[in-house]
Every structure is written in C-alpha cells, then in structure tokens.
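Single-structure report; data block below.
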Amino acid sequence: MTLHLRVGFLPLVDAALLVAAADGGFAEAEGLVLELTRDVSWSNLRDKLHVRLLDAAHMLAPAAIASTLGLNGVRAPMAVPLALNLNGNAITVSQRRFEELSRAAQGDLADPAVSAGALAMLVANRKASGLPPLTFAAVFAFSSHTYLLGEWMALGGVKLGEDVRFEVVPPVRTVEALSSGQVDGFCAGAPWNTLAVTSGVGAILHCGVDLARDCPEKVLAWRADDVERRGEAVSKLNAALIEASRWASSAANLPHLAELLAAPERLNTRADIIEAVLRGEIVQGGNRPARHVPDYIRLDPEAIRPDPARADWLLAGMARAGQFRDDPAAADIARSIFRPALFDARR
C-alpha cells in the first residue's frame with residue numbers, strides 16, 4: 001500500500017536528503033508519496049507540525065527540544081527518528097565590519113579567539129564613542145546558530161544579547177538584512193552565507209566546524225505520539241532517507257544532488273553554488289581565496305544517526321543563552337527525543 005506523507009522544509013542545503021528522497025526515487029522505492037512543502041521560517045514549520053498540517057518537518061534540533069520541554073510557549077512533545085545532517089553553518093559579517101575586524105585583529109583573523117578579541121575591541125570602541133551596539137542575527141532563537149554565535153563571542157568576553165544586540169532573521173532574509181544594514185552579521189546555514197559573499201555584501205568569518213566539530217543541526221521531527229502510532233510510515237521514511245544518505249555520500253553523485261536542490265520549487269539557487277558547498281569548497285570574501293573545509297556539511301549515515309548524546313552540546317548552548325536551567329530530569333527528556341533504535345532498525 002502506498003503511503004502519502006507531507007513534510008515541510010526550508011530552502012537550505014541541509015534539506016538535501018529530503019529532496020533526494022522525494023525527487024530521486026528513494027521514497028517511491030519504499031512505497032511512499034513524499035510531498036515536500038517549502039516554507040519561509042522555522043516558527044512556521046514548528047507551528048504547522050504542532051497542529052498536524054504536516055506529518056513531519058525539517059527542524060532545528062534545539063527547536064525540537066524546546067517544543068518538547070515547552071520552552072517556547074507551547075508544549076508539543078517531539079521525536080527524532082533520524083537526523084538530517086551535521087554542520088553546515090557559517091558566521092558571515094558585512095564587508096564593512098569584516099574590514100574593521102581585520103584592522104583590529106591581533107593575529108590571524110581565521111582564529112576564532114583572535115576574531116572574537118577584535119570584536120570585543122569594536123564593541124568597546126563603539127560604546128566609548130556613543131554609537132549603537134552591533135547587531136547579529138541567527139535564524140531562530142532555539143538554534144545551533146544562536147549557540148555558535150554565543151560560543152564564538154564568549155572567546156572575546158562578549159555577551160550576545162547584552163554587549164551585542166541579537167535578532168532573529170529567517171534564513172531567506174539574512175542576505176537582505178545584511179545588505180540593508182539591519183544586521184552587522186549573521187549565522188545561518190548554506191547557501192545563504194555563500195550568497196552573501198557572491199552578492200558582494202558580506203564575508204564569511206568562520207565556518208561552523210571552526211567552532212564545534214560535528215555540530216548537531218537539522219533533524220526530521222515528528223509529533224511524538226505520531227511516531228508511536230504510525231510506525232510503518234516512520235520506518236519507510238527512515239529507510240528512504242538512509243538510502244538517500246548513502247547515495248549522497250558518493251562524490252560522484254553530488255552534481256545530480258545539486259541539480260535536484262537547485263530546482264525552482266526547492267532552493268531556486270544556482271546548482272554550481274550548491275555543489276561547491278556540498279564539496280566543502282567555500283568562498284570566503286574579503287579578498288581571500290576559496291577555502292576547502294572538510295566535513296563542512298555531513299550527510300552520511302553516521303551523521304544522520306540520532307544520537308542522544310548530541311543533546312548535551314545543545315543544552316549547554318541553551319543554558320549559555322539563558323533558555324535552559326540545569327535540570328537533570330529535563331535534560332533526560334531532551335535526550336530521549338532522539339530515537340536511535342528507530343534508525344538502527346532500518347539501517
């Protein structure tokens with residue numbers, strides 16, 4: 001019997017396995033009709049999943065934790081039978097701020113400690129001059145992007161949300177926000193950092209892997225009760241995505257994957273830009289050569305196994321951001337949303 005599943009996604013490279021499953025035949029091979037619906041913000045996807053307008057969703061891992069714990073106003077327990085990627089983020093600043101950071105840097109700006117120290121100097125100088133604070137954005141409050149920004153700034157003694165203003169800007173609006181001066185920098189997933197560089201409005205300061213190796217990122221989130229009662233659907237979608245992951249792990253298949261992602265109804269972006277990101281060939285801007293970044297984004301089967309231990313880094317970031325207090329019981333619940341047994345059963 002063919003099953004129909006409606007899954008929401010945002011136009012990001014880390015939706016690659018969903019797109020490959022839907023458009024590359026992996027879902028069909030499992031007896032699924034996989035309908036992907038594109039959205040514009042993480043809050044939209046979360047809310048649609050909450051009220052079951054979606055069967056499952058491309059979701060930020062900490063957003064799934066926040067929904068399960070009721071930290072964002074509505075408690076809706078989630079389950080993650082499969083992750084969608086590790087890594088894939090970068091911190092990008094405007095051309096003007098990159099030049100200022102370069103002048104202030106006492107050492108190699110590629111070192112996050114050096115760039116954070118330079119940022120601290122900019123923050124102090126602006127305060128002494130009576131200028132407004134700098135503004136940095138992440139794509140959602142409960143996101144690894146927020147925690148990467150906080151971790152980087154802390155290296156220079158800068159507090160995100162206090163010394164530097166913090167805003168939430170959906171991924172599709174990050175380049176526009178940087179270009180207009182609404183923000184001085186942002187942390188987002190691909191391809192938006194690269195598009196800021198190729199548009200001439202920004203420079204990539206650090207890749208996410210410079211700050212956190214194997215950073216937990218997007219997951220496939222279901223309502224927890226749906227995972228319990230819709231075992232066949234969960235199992236079939238897991239199987240399709242695992243096969244898509246094996247296929248995407250071959251360098252020979254990356255041009256085809258990039259073409260699938262580039263389609264107008266998916267990312268609507270140049271395939272060559274997407275393929276470069278998938279290969280870890282990152283244009284930096286700021287008159288610097290392209291940089292090869294191994295594991296810039298991971299889509300392989302080991303990366304997509306939903307390991308409960310990955311919740312620990314996320315909880316630490318949530319605590320630094322003032323979103324979570326040390327609570328062993330809540331931490332156990334956060335870990336429990338990751339369901340490796342469901343993944344291993346179809347591996």
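Summary of values
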item	result
Lone unmet requirement of (1) outside any loop (DSSP other than H, G, I, E, B); (2) surrounded by fewer than 16 Cβ atoms within 10 Å (Cβ to Cβ) for G322	(1)
Matching residues, the range 96-120, being part of a helix (DSSP H, G or I), surrounded by 17 or more Cβ atoms within 10 Å (Cβ to Cβ) and either assigned by TED's automatic domain parsing to the domain that holds R229 or of a type outside the set (G, A, S) (or both)	R97, F98, E100, L101, P112, V114, L119
Close pairs (6 angstrom Cβ cut-off, 6 or more residues apart or separate chains): modelled with pLDDT under 95 in the range 198-214, of a type outside the set (A, V, I, L, M) and open to solvent by less than 30 Å² (accessible area, probe 1.4 Å) anywhere	none
V74 vs. criteria modelled with pLDDT of 95 or more and β-branched (V, I, T)	no
Selected residue (only one of I297, I333 is closer than 21 Å to L195 by Cα and touching a residue at least 60 places away in the same chain (Cβ under 8 Å))	I297
Residues being among the aliphatic types (A, V, I, L, M) and open to solvent by less than 10 Å² (accessible area, probe 1.4 Å) - total across the range 189-204	4
Close pairs from the range 142-156: first closer than 25 Å to L45 by Cβ, partner of a type in the set (S, T, Y) and assigned to a helix (DSSP H, G or I), Cβ under 9 Å, at least 6 apart	F142/S67
Number of the exception - S180 against (1) surrounded by 23 or more Cβ atoms within 10 Å (Cβ to Cβ); (2) out of contact with any helix residue (DSSP H, G or I) (no Cβ under 9 Å at 6 or more places or on another chain)	(1)
Filtered residue count, the range 256-287, keeping only those that are open to solvent by 50 Å² or more (accessible area, probe 1.4 Å) and without any contact (Cβ under 8 Å) to a residue 24 or more places away in the chain	6
Test set (1) assigned to a helix (DSSP H, G or I); (2) touching a Leu at 6+ places or on another chain (Cβ under 9 Å) - A221 fails condition number	(1)
Every residue from the range 47-63 that is more than 18 Å from L5 (Cβ to Cβ) and in a helix (DSSP H, G or I)	D47, A61, P62, A63
Within the range 257-306, tally of residues that are outside any loop (DSSP other than H, G, I, E, B) and aliphatic (A, V, I, L, M)	13
Sole residue being more than 17 Å from the chain's Cα centre (by Cα) and touching a residue at least 24 places away in the same chain (Cβ under 8 Å), chosen from A303, A290, A233	A233
Of residues in the range 60-83 being within 17 Å of W313 (Cβ to Cβ), of a type outside the set (G, A, S) and crowded, with 24+ Cβ neighbours inside 10 Å, the one nearest to the chain's Cα centre (by Cα)	L60
Condition check for A177: under 30 Å from T68 (Cα atoms) and either of a type outside the set (S, T, Y) or touching a Lys or Arg at 6+ places or on another chain (Cβ under 6 Å) (or both)	no
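The values are calculated or read from the model by the stated rules, or taken from the named source; none is laboratory data. Source: prediction; values computed, not measured. Ideal geometry is used to build each Cβ from the backbone, glycine not excepted, and the neighbour counts take in all protein chains shown. Surface accessibility is based on the protein's heavy atoms, side chains included, excluding ligands, DNA and RNA. Shrake-Rupley method; radii C 1.70, N 1.55, O 1.52, S 1.80 Å.
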